[in-house]
1. Scan around D100 for amide H atoms under 5 Å from its own, H built in the peptide plane at 1.01 Å from N, and keep only partners 5 or more places away or cross-chain.
2. Divide, for the range 45-146, the radius of gyration over alpha carbons by 2.2 N^0.38 Å, where N is the residue count.
3. What are the principal axis extents of the Cα atoms in the range 25-99, in Å, biggest first?
4. Distance between the C-alpha centers of the range 118-133 and the range 167-181? Whole Å please.
Amino acid sequence: MNDPGRRWPWWLGALLLATAGVAAFMLLRERWELRLADVRFLDHREKVAGGGASVIVSGYVVVHVEGDADLFHQAREANTYPVVHATLCDSGRPLGAWRDPFPIERDAGARRFVYAVLVPARGRDGELGQSGGDVCLRFRAAGANLLTPLESAPLVVPLSPALREELSAYRHRDGMVDLSLDPVCAPQLCQPE
């Protein structure tokens, strides 16, 4: 009954091909491994710059993340660019983070890359300090298709009690939440490279 010249059914070949494709997709999908370096709150106007771009912010939480990959270089190879998505971890509510990460540091051996992410203390959906949960950051390649699924795993940014107190005190004194382009950068509308 088992004829050695008999071919496998077409659906079995398609199933094996689909399984291999899904496995490859999942391996590539979380290609950007990132770690939390530090978190601080800016209750005064301060410039945040990197990669040829700069903004002046106040009322923002600045999160520094580090990784072993040059996100901008890898994204350019895929004909796209990296963007940040920040949400509350428990509810998934978007936090209105500035979408562009700022590449602010790179070691001499180019094995460590640090990026700054800007998350507002408050937005139209509420106060960050009163949320009760942590912040989840994910980096994705904007415009990426299934063939170039560049993104990071969610990175949890815990909001310490001290940081929540700073955010609360800032809210009680009606501190402004503001982000503006650096005047030097404004004519060119510079973007991180």
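1. V84
2. 1.12
3. Here the spans come out as 42, 34, 21 Å, largest first.
4. A separation of 11 Å, based on Cα centres.
Since every read-out is calculated from the coordinates, none of them should be taken as a lab result. The shown structure was predicted, so the numbers you read here are calculated from the model rather than taken from an experiment.
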